[in-house]
Amino acid sequence: MRGDLSTALNPIPLYKQGGGEEKAEVARLSAFAGALAVGDLVKSTLGPKGMDKILQCSMHGGPDAGKLLVTNDGATILSKIGVDNPVAKVLVDISKVQDDEVGDGTTSVVVLASELLRYQHLNGLGYTTLETVPCLVDEVTQHAEDLD
């Protein structure tokens, strides 16, 4: 029966077993930490002394199940890791778009985006780009003058 009272009073579980919800500042900091973790993961692969990463492929199906993968390619690392954090997923998507459009610079865009987030957080600027751009221009100008 569609209008059965017993089904109306039983709540429908929205979370997996052991799951929950985060609120306000905790959720924001959690999302922020996930994005920085992804940025830091691939940052160390850049440059001539970039470090290799050892990844173990998922144990669930697929041709590479259970195999180890050694790489210092940021795009490969980002495509192989499982990301649950919504902000970290945006960074992975940025990398995919960069690869599709340009074919290079996938690691650089992720590192740049994560460092922008870090800069905003450390300087108490919140998360709006309009607040960040003038501060970033000032920083770049200052460092350029220091180099002269």
Query raised in the report: Simple spin-label model, 7 Å along Cα-to-Cβ: LEU68 to SER30 in nm?
Result: 3.3 nm
Report task. Give, in nm to one decimal, the length gained when the segment between GLU139 and VAL97 is fully stretched (0.36 nm per residue of separation minus the Cα-Cα distance). Result -> 12.4 nm
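Values in this text are rule-based calculations from the coordinates and carry no lab data. The structure presented is a predicted model; accordingly, all values stated were derived computationally and were not measured. Please note: Cβ atoms are built from the backbone with ideal geometry, for glycine as well, and neighbour counts cover all protein chains shown.
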